[in-house]
Amino acid sequence: MYTSIEKAQTYTPVFPDVTKAKKNIAGKARRIMTVALGREFMALTARHKIYVLYFCLSFMSIFAWDEAHIWPNVLNVLNFANAVRLANKTVKETSARD
């Protein structure tokens, strides 16, 4: 038993305050991404960022060309054409906004 002067220890866990650390980490990550990708990319909306990344992936898939079968190549070209269409849409919307 404890006397009136002593206090019983609390067994509830005390978690550190991580909100400040989260803000610092998010700020540093945003600065690194801005340096790596450029200010123009970081200023885009999330939907337009997805369009740009889709274009990059489609462009890379063009180099995986196989001349043995024609149908996968046709689908690959159609996929790239769709990515170009979306990328042009992104450029037109952002230039109109500026």
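No lab work stands behind these numbers, since they all come straight from the coordinates. From a predicted model like this one, the values you see are computed outputs, not experimental measurements. Here the Cβ positions follow ideal geometry from the backbone for every residue, glycine too, while neighbour counts run over all protein chains shown.
Whole-Hz Karplus values for the stretch 83-95 come out as 5, 5, 4, 5, 5, 5, 4, 5, 5, 5, 5, 6, 6 Hz, taken residue by residue from phi with 6.51 cos²θ - 1.76 cosθ + 1.60 and θ = phi - 60°; glycine and proline positions read x. By the count of neighbouring beta-carbon atoms within 10 Å, fewest first, Phe15, Phe59, Phe80 end up ordered Phe15, Phe59, Phe80. Summing +1 for each Lys or Arg and -1 for each Asp or Glu among the other residues whose beta-carbon sits under 15 angstrom from that of Arg47 gives +4.
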